[in-house]
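Visitor: Quick one: the structure is below, questions incoming.
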Amino acid sequence: AMTAPDVKVIFFDVFGTVTDWRSSLQRLLAEYGAREGIDADWPGFLTAWKAGYRPAMDAVISGERPYFNLDEMYLERMNQVIGDFGLEGLTEAQKQEILHLWLKIDPWPDAVEGLTRLARKYTLVTLSNGSFAWLTAIAKHGRLPFDAILTAENAQVYKPHPRAYLTAIELMGMKATPERCMLTACHNYDLAAARSHGMKTAFLPRKEYGPDQEADQAAESDWEVVAKDLIGVAEAMGC
């Protein structure tokens with residue numbers, strides 16, 4: 001277990017680590033379709049819609065495209081895939097309503113308790129690829145006790161680009177002591193990048209892509225904390 005005085009600021013990945021975006025959106029899309037009288041393969045649409053996320057971010061990281069946020073990214077991707085699901089008749093207003101279902105995604109059942117416990121001792125900050133507006137809305141919707149919202153938008157680039165982590169460390173006044181920062185995430189690549197900038201690391205597995213997910217179900221390095229959920233992270237950190 002970590003000794004608590006070592007760490008001052010704990011950063012959190014949010015999509016997957018803190019929030020169960022997939023189950024939330026499957027439910028929210030089905031409810032939206034029922035309400036609007038739109039019959040579609042909503043789970044299939046969600047899978048195709050989300051599949052545009054990493055390639056779009058990678059294009060920003062490589063410099064192929066200038067930074068654009070998740071509002072722009074997911075609207076662009078929606079327009080690429082709606083034809084495959086018979087949804088080309090959506091109005092611009094409906095597209096915006098569907099886009100902003102992302103703001104109503106729920107936390108995992110352990111998240112609020114785990115974060116609340118950690119907040120007694122540590123400063124809790126998001127470090128997400130989401131936009132500032134989206135993360136603010138998601139934190140408010142989920143009643144997530146973050147002390148600050150930092151995102152890729154602050155750095156104008158996506159994780160795992162170095163600037164995403166270095167900007168967060170600097171904004172929290174920890175540039176001289178990055179080892180007093182920790183990243184909590186369910187993605188090994190994210191923790192590997194954080195560690196390369198001097199941060200400590202906490203890993204927890206999540207089934208964010210559903211029960212059959214095999215990736216990121218085990219620690220792939222000697223992360224300082226390995227726990228089963230956010231309550232486990234709190235316990236490991238002495239909270």
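Visitor: Among GLY198, GLY130, GLY89, which one moves the most in a GNM of the chain with springs linking Cα atoms closer than 10 Å?
Guide: GLY89
Visitor: Moving on. Carbon and sulfur together cover what percent of the accessible area of the chain at a 1.4 Å probe radius?
Guide: Of all accessible area on the chain, carbon and sulfur atoms account for 53 percent.
Visitor: Return the distance in nm (one decimal) between the two label points of a simple spin-label model at TYR209 and ARG54, each offset 7 Å from Cα along Cα→Cβ.
Guide: Each label point lies 7 Å from its Cα, and together they span 0.6 nm.
Visitor: Going by the alpha-carbon gyration tensor, a ≥ b ≥ c the square roots of its eigenvalues, is the range 3-73 rounded (a/c under 1.5) or, if a/c is not under 1.5, prolate (a/b greater than b/c) versus oblate?
Guide: oblate
Visitor: Report the equivalent ellipsoid semi-axes for the range 70-167 in whole Å, largest first, defined as the square roots of five times the eigenvalues of the gyration tensor built from alpha carbon atoms.
Guide: They are 30, 18, 10 Å, listed largest first.
Visitor: Within the chain, what's the longest run with no trypsin sites (Lys or Arg not before Pro) in a DSSP loop and at most 12 other beta-carbon atoms within 10 Å? Give the range, please.
Guide: 1-119
Visitor: Take every DSSP beta bridge whose two residues both sit in the chain, then give the antiparallel share in percent to the nearest 5.
Guide: Antiparallel: roughly 5 percent of the beta bridges in the chain.
Visitor: Over the range 17-162, what is the relative contact order in whole percent, taking alpha-carbon pairs under 8 Å and six or more residues apart?
Guide: 27
Visitor: Moving on. How big is the chain by the Kirkwood estimate over distinct Cα pairs, in Å?
Guide: Value: 18.4 Å, from the Cα pair sum.
Visitor: Given the DSSP H assignment, sum -39500 (n - 2.57) over each helix run of at least 4 residues in the chain and divide by its residue total; what's the result at 222 nm in deg cm²/dmol, nearest 500?
Guide: So the calculated ellipticity at 222 nm is -12500 deg cm²/dmol.
Visitor: Please report how many Lys pairs in the range 115-239 have alpha carbons closer than 19 angstrom, counting only residues at least 8 apart along the chain or sitting on separate chains.
Guide: 6
Visitor: Still on this model: Taking amide H positions as placed 1.01 Å from N in the peptide plane, with prolines and chain starts having none, which residues 5 or more places from LEU183, or on another chain, fall under 5 Å of its amide H?
Guide: Long-range HN contacts for LEU183: PHE11, LYS200, THR201, ALA202.
Visitor: In Å and from the alpha-carbon atoms only, list the Rg and Dmax of the range 1-142.
Guide: Cα only, the range 1-142: 17.3, 56 Å (Rg, Dmax).
Visitor: Which of GLU214, GLU113, GLU153 moves most in a GNM of the chain, Cα contacts under 10 Å?
Guide: GLU214
Visitor: Excluding SER128 itself, what net charge comes from residues whose Cβ is under 12 Å from its Cβ, given Lys and Arg +1 and Asp and Glu -1?
Guide: Around SER128, the surrounding residues sum to -2.
Visitor: Follow-up question, since we're still on this one. Springs between alpha-carbon pairs under 10 angstrom, Gaussian network model over the chain: which of THR126, THR47, THR19 fluctuates most?
Guide: Fluctuation is largest for THR47.
Visitor: So how much slack lies between ASP222 and LEU166, counting 0.36 nm per residue of separation and subtracting their Cα-Cα distance, in nm?
Guide: 18.0 nm
Visitor: Apply the a/c threshold of 1.5 to the C-alpha gyration tensor of the range 46-115 and tell me whether it is rounded, prolate or oblate.
Guide: Because a/c hits 1.5 or more and a/b fails to exceed b/c, the range 46-115 counts as oblate.
Visitor: Can you pull the one-decimal nm distance between simple spin-label points at ARG65 and PHE85, each 7 Å off the Cα toward Cβ?
Guide: Output for this residue pair reads 1.8 nm.
Visitor: Mind checking the per residue accessible area of the range 115-197 for me, 1.4 Å probe, whole number of Å²?
Guide: I get 40 Å² per residue for this part.
Visitor: Along the Cα→Cβ direction, 7 angstrom out, place labels at HIS141 and TYR189. What is the inter-label distance in nm?
Guide: In this crude label model, HIS141 to TYR189 measures out at 2.4 nm.
Visitor: Quick one: the Cα spread of the range 125-239 along its three principal axes, in angstroms, biggest first?
Guide: Principal axes ranked by extent give 34, 32, 29 Å for the Cα atoms.
The values are calculated or read from the model by the stated rules, or taken from the named source; none is laboratory data. This one's a predicted model, so the numbers in the text were calculated from it and none came from an experiment. Backbone-built Cβ (ideal geometry, glycine too); neighbour counts: all protein chains shown. Just the protein is used for accessible areas: all its heavy atoms, side chains included, with ligands, DNA and RNA removed. Shrake-Rupley method; radii C 1.70, N 1.55, O 1.52, S 1.80 Å.
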